[in-house]
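Let me begin by presenting the structure, written as structure tokens, before commenting on it.
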Amino acid sequence: MTEIIPAILPKDYNEIVEKTALVRDYAKTVQIDVCDNHFVPNFTWPYVGEYGEWQRIVNEEEGLPNWNELDFEIDLMVDEPERVVNDWVQAGAGRIIIHAESKGDIKGAINILDGRVEVGIALGVDTPLSILEQISVDIDKIKLLQFMGIDKIGFQGQRFDNKVIDNIKRAKEKYPRIFISVDGGVSLDNALSLKNAGADHLVVGSAIFEGDDAVNALRALQDIVV
């Protein structure tokens, strides 16, 4: 079964509280999208809308919302991920995704995470798989490849780019042991095609949370890919 992972692009901490509460009984994992306004031109919590809760979480004084019912996957749309990955481990992330095109020491960030949490690498729509060799990624340390389904990452509600289907197939052939995720533009219209192409995870934001009934939207997607 392909897993549907609800995605939250949080303007503040309360948005995480509210949206995780909606899906905690129906999803296993939630993705939190983290934008630093450098790698992508957008700010999200904890870079904006932060009023002390982030430091309490990093200090392990409290957990991420609904942490006892959900696993958290963190999509780090940031430059210099090596500077922040340890904080997200402390915060309770089970999987951390680093973008291959980001500036900084990607190999160093992966080494910090290795053996502590699952590590994913995200690739843009037009980014070739060969970038993994160019940035000297040790593929044995990578659990997941996340293919972005949209050009303008860091923003939800965009049209899916069908080129991603071929990207999935090529990755499945080259790296059969690695999980494949698709993030961006996933909807009821393309979920089955993405599953059939080989996607193990589908990360979904606006198609779940922008309507009136997040639970029914989530369950409808799950029914398609079961």
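Table for the structure above
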read-out	value
Three-way shape label, the stretch 3-225, alpha-carbon gyration tensor, a/c 1.5	oblate
Calculated from backbone phi, Karplus (6.51, -1.76, 1.60) coupling profile of the stretch 132-145 in Hz, x at Gly/Pro	4, 6, 5, 9, 6, 6, 7, 4, 5, 8, 9, 8, 8, 10
DSSP bridge orientation in the chain - percent antiparallel, rounded to nearest 5	5
Highest-MSF residue in the chain out of 200, 166, 75 [GNM, Cα springs under 10 Å]	166
Relative contact order %, the stretch 3-225, counting alpha carbon pairs below 8 Å whose residues are six or more apart	19
Mean Kyte hydropathy of 0.5 or more with a Cα span along the axis of at least 15 Å, helices from DSSP in the chain	214-225
Candidates 130, 187, 206, ranked by Gaussian network fluctuation over the chain, Cα under 10 Å, top entry	130
MRE, 222 nm, helices only [DSSP H, n ≥ 4, -39500 (n - 2.57), over the chain, to nearest 500]	-8000 deg cm²/dmol
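Quick note: the coordinates plus some simple rules give every number you see, no bench work behind them. Since the structure is predicted, the reported quantities are computational estimates derived from the model, not experimental observations.
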